[in-house]
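Below is one structure, written out as structure tokens; comments come after it.
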Amino acid sequence: MARLPAGIRFIVSFSRDQWYRAFIFVLTFLLYASFHLSRKPISIVKGELHKHCAGGEAEPSFSGQSSSAGHRPPRQLPDNETDCGWAPFDKNNYQQLLGALDYSFLCAYAIGMYLSGIIGERLPIRYYLTFGMLASGAFTSLFGLGYFYNIHSFGFYVVTQILNGLVQTTGWPSVVTCLSNWFGKGRRGLIMGVWNSHTSVGNILGSLIAGYWVSTCWGLSFIVPGAIVAAMGIVCFLFLIEHPKDIRCSSTLSMHSKGYENTVDRFRLHKPVLHGEKSRPLDPEMQCLLMADGKSSICPSHVVVLPGDSGNSMTAISFTGALRIPGVIEFSLCLLFAKLVSYTFLFWLPLYITSVDHLDAQKAGELSTLFDVGGIFGGILAGVISDRLEKRASTCGLMLLLAAPTLYVFSSVSKMGLEATVAMLLLSGALVSGPYALITTAVSADLGTHKSLKGNAHALSTVTAIIDGTGSVGAALGPLLAGLISPSGWSNVFYMLMFADACALLFLIRLIHKELSCPGLTAGGQAPLKEH
């Protein structure tokens, strides 16, 4: 018998379950990357919506344009464009108007996220996510159609951003829940750290796609990403598998410790084993829970009661019940300030680079992708460290502690030249995005499958939505504050970001103290699951 080719041997070396898990990993990665791909164009196009006036109109905060920019040959402006940009963004208050666009999207996103988790856990993930992607593609493209139809109404762009922000809330709870259904808790920080790089990959692709057309036809900078999101929505409808049980796949790593199994199957398959666990010694979670507060090691307040119509423990969790899960409030408030910093960079970094390094909108957009490249490494690094140390809060706290002085250095050395800007973009991206990535993925999944839920897998979507929804409040405030503060100087914007990092660290102090005093605990007071 002939020896099988090396490629075939590689394929058959993996089980059917492993191939399906790899497929879901890649698919959900691409689905959410397309969401971020559609969010990025607004930050790239800002430099084109308002430009340095050819007539020499003074600008409040970006007066230091390079002399070389003033010697560029004048170009013929289309009928729907002024020499200061695109009305109504061609006025001196353009920073406030652009900030209002960011705020309208992110505020709608924050409000919608709280509702999205509750709705999403009651609907099939595939249908819910498909609808959100198709609608997001439509509204993203609608913004770009304003260029072709010569629309100069500020209200049109605001309403489009609000509607887009609402429908994009379907994405995050859906993909996190789906991924957590397929992957257990073993090496969750590493797996989700790698997976969460979709945020940076989407931002990079969005920057490159939008930058390609920004100087010639900025409407396509929105229409093309919108078409991509809608196309991925169709892919989602055709291929997304919500749960391994839908195709009779085994629970993740079910051959190992039962702690690795999906919470639904663990509850169903191992329920009889629970009777024998009474003779076992208490695990670190039950020994140390709330010990830092000086109370009993087993506190009734940490048991989330999930009432159902028929006493079924698989009923969807309530909003208040999710808030009672240990660690949800602390990580939510921490993410509020961490996401404030991250989204300020997301929406304002290209414009900052334009003003400091005197680059045009396309080159500034391309350079800003280095922040997202750093974010990829930061998210993976945070996941690896938190897995190895088994301390989610402490890992976030350390990166937040380093991020604040890094931002101060960035604000100082970025004015010294392009090389310094490149180095600080990579470092700042890693430290800013690391805690944000860890909280929105591994921490959310840990808390959404907390032992106090007693096997209820329906809580994950709500918990994820609460944490990311609270973080989105900060994401809405950050760009708005940047638009209001930047006329007084970019240094003040960086002071605001450093203060936000300090606040994020402050909300983790109690959890960090608990982790350090009870080494056996992870996010929210859970005992880590050892690999066998």
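The values are calculated or read from the model by the stated rules, or taken from the named source; none is laboratory data. This one's a predicted model, so the numbers in the text were calculated from it and none came from an experiment. In this analysis, Cβ positions are derived from the backbone assuming ideal geometry, glycine residues included, and neighbour counts consider all displayed protein chains. With ligands, DNA and RNA removed, areas are computed over all heavy atoms of the protein, side chains included. Shrake-Rupley method; radii C 1.70, N 1.55, O 1.52, S 1.80 Å.
Annotations
- Conditions (1) farther than 21 Å from residue 98 by Cβ; (2) touching a residue at least 60 places away in the same chain (Cβ under 8 Å); (3) assigned to a helix (DSSP H, G or I); number of the one not met by residue 136: (1)
- Under the condition of being assigned to a helix (DSSP H, G or I) and either at pLDDT 75 or above or hydroxyl-bearing (Ser, Thr, Tyr) (or both), the residues counted in the range 446-468 number 11.
- Where a residue in the range 99-125 is more than 22 Å from residue 46 (Cα to Cα) and in contact (Cβ under 8 Å) with a residue 24 or more places away in the chain and its partner, wherever it lies, is assigned to a helix (DSSP H, G or I) and among the aromatic types (Phe, Trp, Tyr), with Cβ under 7 Å and at least six apart: 118/319; 120/128
- Single residue of the range 1-22 satisfying the filter (touching a residue at least 24 places away in the same chain (Cβ under 8 Å) and open to solvent by less than 80 Å² (accessible area, probe 1.4 Å)) that is nearest to the chain's Cα centre (by Cα): 21
- For the range 155-165, the set of residues classified as open to solvent by less than 60 Å² (accessible area, probe 1.4 Å) and either more than 19 Å from residue 468 (Cβ to Cβ) or not in a helix (DSSP H, G or I) (or both) consists of 155, 156, 157, 158, 160, listed by residue number.
- Within the range 124-152, if we keep just the residues that are of a type in the set (Gly, Ala, Ser) and closer than 19 Å to residue 221 by Cα, the residue that is most open to solvent (accessible area, probe 1.4 Å) turns out to be 138.
- Selection of the range 105-123 for residues being open to solvent by 60 Å² or more (accessible area, probe 1.4 Å) and part of a helix (DSSP H, G or I) yields 111, 114, 115, 119.
- Residue that is farthest from residue 407 (Cα to Cα), among those in the range 488-501 that are open to solvent by 40 Å² or more (accessible area, probe 1.4 Å) and modelled with pLDDT under 90: 488
- Pairs where the first residue, in the range 213-242, is in contact (Cβ under 8 Å) with a residue 24 or more places away in the chain and the second is part of a helix (DSSP H, G or I) and among the basic types (Lys, Arg), C-beta under 7 Å, 6+ apart: 236/126; 237/126; 240/126; 242/126
- Residues (open to solvent by 10 Å² or more (accessible area, probe 1.4 Å) and under 20 Å from the mean Cα position of the chain (by Cα)) located in the range 405-426: 426
- The single condition from (1) open to solvent by 40 Å² or more (accessible area, probe 1.4 Å); (2) over 18 Å from residue 132 (Cα atoms) that residue 214 fails is (1).
- Residue among 504, 437, 475 that is at pLDDT 90 or above, over 17 Å from residue 121 (Cα atoms) and open to solvent by less than 10 Å² (accessible area, probe 1.4 Å): 504
- Single unsatisfied condition, residue 49 versus (1) surrounded by 19 or more Cβ atoms within 10 Å (Cβ to Cβ); (2) over 22 Å from residue 139 (Cα atoms); (3) modelled with pLDDT of 85 or more: (2)
- If the condition is being open to solvent by less than 50 Å² (accessible area, probe 1.4 Å) and either over 20 Å from residue 497 (Cα atoms) or among the small types (Gly, Ala, Ser) (or both), then the range 382-404 contributes 382, 383, 386, 387, 390, 391, 392, 393, 394, 397, 403, 404.
- Complete set of residues in the range 91-104 that are surrounded by fewer than 21 Cβ atoms within 10 Å (Cβ to Cβ) and within 22 Å of the chain's Cα centre (by Cα): 100
- Residue within the range 189-211 that is among the aliphatic types (A, V, I, L, M), touching a Pro at 6+ places or on another chain (Cβ under 8 Å) and either touching a residue at least 12 places away in the same chain (Cβ under 8 Å) or open to solvent by 10 Å² or more (accessible area, probe 1.4 Å) (or both) present: yes
- The single condition among (1) under 22 Å from the mean Cα position of the chain (by Cα); (2) at pLDDT below 95 that residue 153 does not satisfy is (1).
- Residue list for the range 101-138, restricted to those being small (Gly, Ala, Ser) and out of contact with any Pro (no Cβ under 9 Å at 6 or more places or on another chain): 104, 108, 110, 112, 132, 135, 136, 138
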